[in-house]
Amino acid sequence: MIIEKIKESRFTPEVFDIETFGTAFSDHMLLCWYKDGKWGEPIIKPYGKLDFTPAISVGHYGQGIFEGMKAYKGSNGDVYLFRPEKNFERLNKSAVRLDMPEIPEHIFMDGLKALVDLDRQWVPATHGMSLYLRPVMFATEEAITARSSNEYLFAILTAVAPNYYNKPLSVKIADRYSRAANGGVGFAKAAGNYAGSFYPTHLAREEGYDQVVWTDDATHTFIEEAGTMNVMVRIGDKLITAPTSERILDGVTRDSMLQLATKLGIEVEVRKITVQEVYDAHKSGELKEVFGVGTAVVVNNYVAVGYGDERLELPLLSPEESYGQILKKNLVDLQMGVSEDPFGWRVKVEENLVEA
Ligand SMILES: *Cc1c(COP(=O)(O)O)cnc(C)c1O
């Protein structure tokens, strides 16, 4: 690994005051190029621009995939990753589906740890804050031929993640558009999945909602995901989430929440959820919570769910009553090193991994 350190750090404590997500990039980035059938030597260098022409193939055919993960700082100053092997495995699953080369584990893991170690002062220690890590891979061949690219860039960027307060978000159940279809790329973290979701989300915004609850593409009768998060529904005291499938992304947060909930004695059901059942549960007063779960925001507890022309308002639960908020607290405490880690999920980033 080649290390080219920044001459003068751009870090100031004010970077932690940001309120928007994904714009405050740290000092360094990792780059690794794939060419002539093999990965080159990774380099960590100051974050900055790259040189491309408009013929870069990702811009035409969309071979682009990414991951989202975070680094946390405990009160003792230790920096942790959370289940990074899950992201590594998922990135390669996405790569296979998009006909891109898989990234070797040592490039991903050693590169990630070295980058986070080098920029460890960018990891905020405030509870609930973190440094967001964005591994990304895209086709870089200068060719507009409609085929898989022969060249790729794997990069890791990091950006300070603000402490999301729980904005009251509402969601609209999709009855026309779909995020994913059988045989498609819905299970992959493919850039194009996001591109295809922006317009339906835009339309939902015009109706006064913040995000779309995605339903199955064939019948729009099953609840699948919410925005760019997995979705969980609480009916009575049962926490229900759909099984992962080729249309549903296998979220690390979803999986962690299910294990945490079980440990906390919350009754969990992994099964298909129909729109009708959510609607009926609302009418009978049994629908307590609908929330999205994902790395970026951890938990979004929705205040209302739109179904056709109806807006189903959800009850306002206190943080002590809300499964979403209880699970979020337990998960963040574990990630920040505040609580024990009975699952072995935390991975400490050792210091001075890279020579000065
Ligand atoms: C990234 C993502 C999620 C959440 O996955 P996490 O690993 O929990 O961050 C859920 N759904 C979609 C569509 C996603 O892209």
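The values are calculated or read from the model by the stated rules, or taken from the named source; none is laboratory data. From a predicted model like this one, the values you see are computed outputs, not experimental measurements. Because the Cβ atoms are built from the backbone with ideal geometry, glycine has one as well, and the counts that use them run over all protein chains shown. Note: accessible area is taken over every heavy atom of the protein model, side chains too, but ligands, DNA and RNA are not part of it. Shrake-Rupley method; radii C 1.70, N 1.55, O 1.52, S 1.80 Å.
Key figures
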quantity: Lys, Arg +1 and Asp, Glu -1 on Cβ, resulting dipole of the range 2-163 about Cα centre, debye, nearest 20; calculated: 240
quantity: DSSP-defined beta bridges in the range 169-316 - what % are antiparallel, rounded to 5; calculated: 70
quantity: Anchor Lys328: aspartates and glutamates whose Cα lies under 12 Å away (excluding residues fewer than 8 positions away in-chain); calculated: Glu320
quantity: Unit charges on C-beta of K, R, D, E only; dipole of the chain, Debye; calculated: 80
quantity: Sulfur and carbon atoms: percent of accessible area, the chain [1.4 Å]; calculated: 51
quantity: Order of exposure, largest accessible area first, which applies to Lys113, Lys73, Lys272 with probe 1.4 Å; calculated: Lys272, Lys113, Lys73
quantity: Calculated from backbone phi, Karplus (6.51, -1.76, 1.60) coupling profile of the range 168-182 in Hz, x at Gly/Pro; calculated: x, 9, 10, 10, 10, 6, 5, 10, 9, 8, 10, 8, 8, 9, 4
quantity: Which listed pairs, of Lys49/Lys70; Lys263/Lys348; Lys73/Lys167; Lys189/Lys329; Lys49/Lys329; Lys5/Lys167, have C-alpha distances above 30 Å, in listed order; calculated: Lys49/Lys329; Lys5/Lys167
quantity: Backbone HN-Hα couplings from phi across the range 215-230 [Karplus 6.51/-1.76/1.60, Hz, Gly and Pro as x]; calculated: 10, 5, 5, 6, 10, 6, 10, 10, 7, 10, 9, 10, x, 10, 10, 6
quantity: Probe 1.4 Å, protein heavy atoms only - accessible area per residue of the chain in square angstrom; calculated: 46
quantity: Kirkwood-type radius of the chain, with distances r between different C-alpha atoms, in Å; calculated: 21.4
quantity: Anchor Lys7: aspartates and glutamates whose Cα lies under 16 Å away (excluding residues fewer than 8 positions away in-chain); calculated: Asp27, Asp119, Glu355
quantity: Mean shadow area of the range 182-241 over all directions, Cα convex hull, nm²; calculated: 5.1
quantity: P(r) histogram, all alpha-carbon pairs of the range 169-316 included - 10 Å bins from 0, percent; calculated: 12, 45, 36, 7, 0
quantity: Relative contact order %, the range 169-316, counting alpha carbon pairs below 8 Å whose residues are six or more apart; calculated: 27
quantity: Most positive-pole-ward Cα, Thr295, Thr221, Ile273, against dipole of the range 219-313 from beta carbon charges; calculated: Thr295
quantity: ³J(HN,Hα), Karplus 6.51/-1.76/1.60, whole Hz, each residue of the range 41-50, x for Gly, Pro; calculated: 7, x, 10, 9, 9, x, 4, x, 7, 10
